[in-house]
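Take a look at the structure set out below.
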There are 2 protein chains.
Amino acid sequence: VTEGTPVSALDREGATRSGFGRDHLPLGVVRPPGAAPRCAVRYGDRALDLPALVRARLVQADPALVTAPALNELLAGRDLDQLRADLQGLLDREVPLPADAVHDLADVVVGLPVAVADYVDFYSSEAHATRVGRLFRPDGDPLPEAWRHLPIGYHGRSGTVVASGTPIRRPAGQRRGADGPEHGPTRQLDYELELGVVVGRPSPPGRPVAVAEAPEHVAGIVLVNDWSARDVQAWEYRPLGPLLGKSFATSIGCWVTPLAALEPFRVPGPPQSPAVLPTLAREGRWGLDLQLEVALRSARMVRAGAPPDVVARADAAELYWTFPQQLAHLTANGAHLRTGDLCASGTISGRGDGAAGCLLEATQAGRQPLVLADGTEQTWLADGDEVTLRATAGGGAVRLAEVVGVVEPARS
Amino acid sequence: VTEGTPVSALDREGATRSGFGRDHLPLGVVRPPGAAPRCAVRYGDRALDLPALVRARLVQADPALVTAPALNELLAGRDLDQLRADLQGLLDREVPLPADAVHDLADVVVGLPVAVADYVDFYSSEAHATRVGRLFRPDGDPLPEAWRHLPIGYHGRSGTVVASGTPIRRPAGQRRGADGPEHGPTRQLDYELELGVVVGRPSPPGRPVAVAEAPEHVAGIVLVNDWSARDVQAWEYRPLGPLLGKSFATSIGCWVTPLAALEPFRVPGPPQSPAVLPTLAREGRWGLDLQLEVALRSARMVRAGAPPDVVARADAAELYWTFPQQLAHLTANGAHLRTGDLCASGTISGRGDGAAGCLLEATQAGRQPLVLADGTEQTWLADGDEVTLRATAGGGAVRLAEVVGVVEPARS
């Protein structure tokens, strides 16, 4: 390597300040102009090109895996920790990088990081499940009977998981009308603030994954927006759960944050009472102390050039069910994990005001609008609205890749 | 081609009698001894090897597609009708086939025909939904409010769809116990008699597929057994639907019957009242007059060498929602179809006695055992029980590939 980009030119301090420094190093897939998609690592506002680093013998990896258009095969292997150590060593030693190994993020298309195998969405935030339960069952116990005994969840549609930035077209669907069912564009479009784990190493069919083993199967985490059409969902969901009210789109972050980067931010989850059955008992501290927020920029604010308004803040550590518990539950019947499985937390809400992870909660099902920074009222999402999910740990030491989506008008 | 197998040696009459004659020709994947899996066509009790037929220039297909270990790429194309015509021409003209193009089914492993993309299961049999509704809501309307207005369904787990013949290990799970929840092997293992359509040609993202267009996206149909653990399902399903009670295994037939083979057996579906919304209105006759049956051979009967007992008979033409309606509904919100998507009907039951497509119905949730041919009583499935699903059309002119599964004891 004669011509190279010294690592110092990569702006180490800027990278650290951005939450994408040498202690983060999330993986993704980028497509440089006129070239094929390939695996990459995010460092500040650059993407480090893994095939180029492998060609230059600066990191070790199977060239076939890093030239794939999705991370799956790379995540399935056992040498991710080595790859991470190689990269950190490279950055620490300020080894010059070949010019084709460094892309400005602005110059590449950042795509969906994984081919999603099965997508499961849980319902693991107590504050969320409680508030939603009160809305729909004002006189009963707000939590479903099984809620404290197992992580309730459902399978979503893998085929409509999309990369952050993909526009979200307002879906049509059937809903209850005054004179019977109606079909038309949803009137109750909502976001859901969630975290998802991406499965790396698969588990063998037929063998439940114990809570203590589950983290070994997780390659990393992403933010997830499980867009929802509440009017469609309310009409269709008995008795088999949501389908069309969810299946039109689920947005995920483009960079998969390795569990290793979150090591300093592991905390105990909230206490569980009554005690859960032994097969689901927690092992290790797998609450994740991530500060999450939802930023909303209404179409009006977009037109006015106003910045987004943070409409919700919550901490992922408040999730009642941790991801190892979720994965143990998911495999308790012998179902195996496949590389690329995406298991999301369900909407994450905090207990207080301004901590509702979706509009259904925040607006009391549309009855109590939010007031945005520009003084306007917001109930459900309008065409042109932009929703951004963000997460940081350690006061910004690590920042997850944001998830952004703009609502497009319904298909005419 | 000098040495060949004359088509007459293929036993044309036997093939026709078996329901796998020249008018059927379902596609599947076989693995000959010591060789790689490849695409094949079933003819009687033989598998015709598509790569060998292509090499011998007897049929036209992209060699890369027919040497794949799953049918997906082949089904995605537009030339399936041509392939079918080529094969029928070959069989009609009694062209000698190269020896490597003909396998006895007994000599090959017949595998899962498709890599399943998304798996959706509907709930489209009125008799089934009504009987299940009466069991769980004896005082209310047995059908959910939306049932006659849209095909209710849910996403299942793609990763645990298995080929007919795969043993089904009794799953463990959490259920309601006398003193709170318990975890252990299910006590209420059940089968479900279903038909599924396999998507061939994908649909573009964002564009609903009209009822009239839906058949163009279907490559064919298979029998489906959506194994269920009723105690697990009953405890977990509120409010997001079934998860662990279903996700341990779904068995499908190994040979995909092309829609073209079912052309003579298309009938109108049952009348729909109240009329459905225009987006879901039927176009064309897409009820399928297939006689279905469930054959049960208890472990005791297996030990005694007794034949299976047919415990249920139903006709697929009774399904209230046809598959084009299901696919139109599934895509109404812009969700697209991917090659390999599996959309199953839900349990198919007839109205009369002996027409219940699952044990939940047949035994009134275990309260009223079936009496088998050997005089023994059957409620839920016991270890060692063998369940076989069968379907024929035209009095046996076409027979779908059966779906068989034997229950194995729970993992110790």
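We did not get these values from a lab; they are worked out from the coordinates using the rules stated. Being a predicted model, the structure only gives us computed values, none of them experimental. Neighbour counts are summed over all protein chains in view; Cβ atoms, including those assigned to glycine, are modelled from backbone coordinates with ideal geometry.
Before moving on, here are some points about what is shown:
- Of every Cα-Cα pair in the protein assembly as shown, the percent that sits beyond 41 Å: 36
- Environment charge of B:D374, counting only residues whose C-beta is closer than 15 Å and scoring Lys/Arg +1, Asp/Glu -1: -1
- Antiparallel bridge percentage (DSSP; both residues within the protein assembly as shown; nearest 5): 90
- What the phi angles of segment B:374-385 give under the Karplus curve with 6.51, -1.76 and 1.60, with θ = phi - 60°, is a coupling list of 8, x, 7, 9, 9, 9, 8, 6, 9, 4, x, 5 Hz, glycine and proline written as x.
- Averaged over the residues of peptide A:113-120, the number of Cβ atoms from other protein chains lying within 10 Å of each residue's Cβ is 3.
- Residue of A:V371, A:V198, A:V209 that the Gaussian network model of chain A assigns the largest fluctuation, springs spanning Cα pairs under 10 Å: A:V371
- Environment charge at A:A64 (Cβ cut-off 12 Å; Lys +1, Arg +1, Asp -1, Glu -1): -1
- Of all the options B:A314, B:A35, B:A362, the one that moves most in a Gaussian network model of chain B with Cα springs shorter than 10 angstrom is B:A35.
- The residue of chain B whose Cβ sits closest to the rotation axis that maps B onto A, together with that distance in whole Å, is B:G241, 1.
- Percentage relative contact order, chain B, counting C-alpha pairs under 8 Å, at least six apart: 21
- Dipole magnitude of the protein assembly as shown, debye to nearest 20 (Cβ charges: Lys/Arg +1, Asp/Glu -1, about Cα centre): 320
- Over segment A:312-412, the hull volume per residue, using the convex hull of the C-alpha atoms, is 187 Å³.
- Paramagnetic reach from A:A397 (point 7 Å along Cα→Cβ, amide N under 16 Å) across segment A:251-284: A:258-268
- In chain A, the DSSP-assigned H stretches of four residues or longer account for a calculated mean residue ellipticity at 222 nm of -4500 deg cm²/dmol, using -39500 (n - 2.57) per stretch and the full residue count as denominator.
- Computed over segment A:20-118, Cα set: Rg, Dmax in Å: 12.4, 40
- For A:V161, distant residues with modelled amide H under 5 Å away: A:T250
- Restricting the calculation to Cα atoms, segment B:176-229 yields a radius of gyration followed by a Dmax of 19.0, 53 Å.
- Fluctuation leader among A:G375, A:G180, A:G366 - chain A, Gaussian network, Cα springs under 10 angstrom: A:G180
- With kT/(6 pi eta Rh) evaluated at 25 °C and eta = 0.890 mPa s, and Rh the Kirkwood radius from Cα pairs, segment A:154-247 diffuses with a coefficient of 157 µm²/s according to Stokes-Einstein.
- Shown in residue order for segment B:35-49 are the 3J(HN,Hα) couplings computed by the Karplus curve 6.51 cos²θ - 1.76 cosθ + 1.60 at θ = phi - 60°: 10, 7, x, 8, 6, 8, 10, 8, 9, x, 9, 10, 10, 8, 7 Hz (x for Gly and Pro).
- Average partner coverage of B:323-333, which counts Cβ from other chains inside 10 Å: 4
- Under 5 Å, built H, 5+ apart or other chain: amide partners of A:I152: A:Y123
- Each Cα pair under 8 Å and six or more residues apart adds its separation to the average, and for segment B:244-390 the resulting relative contact order is 24 percent.
- Per residue of B:247-258, other chain Cβ atoms within 10 Å of the residue Cβ number 2 on average.
- Radius of gyration over Kirkwood radius for segment B:118-170, both on Cα atoms: the Rg/Rh ratio is 1.10.
- DSSP-loop trypsin sites (Lys or Arg not before Pro) across segment B:1-108, with at most 11 other Cβ within 10 angstrom: B:R57, B:R78, B:R93
- Across chain A, the longest run free of exposed loop sites, meaning GluC sites (Glu not before Pro) lying outside DSSP classes H, G, I, E and B with no more than 15 other Cβ atoms within 10 Å, spans A:146-282.
- When peptides B:169-175, B:319-325 are sorted by average Cβ neighbour count within 10 Å, with the highest value leading, the order is B:319-325, B:169-175.
- Candidates per trypsin sites (Lys or Arg not before Pro) in segment B:324-388, loop by DSSP, up to 10 other Cβ within 10 Å: B:R367
- Point-to-point label distance, B:A299-A:R300, nm (Cα→Cβ direction, 7 Å offset): 6.8
- Relative contact order (%) - criterion: Cα under 8 Å, at least six apart; region: segment B:156-271: 32
- Cα pair distances of chain B binned at 20 Å [whole percent]: 27, 57, 16, 0
- Look at B:D23, A:D118, A:D79 and count the other Cβ atoms within 10 Å of each Cβ; fewest to most, that gives A:D79, B:D23, A:D118.
- By the Cα gyration tensor, segment A:268-363 has an equivalent ellipsoid whose semi-axes, rounded to whole angstrom, run 33, 17, 11 from largest to smallest.
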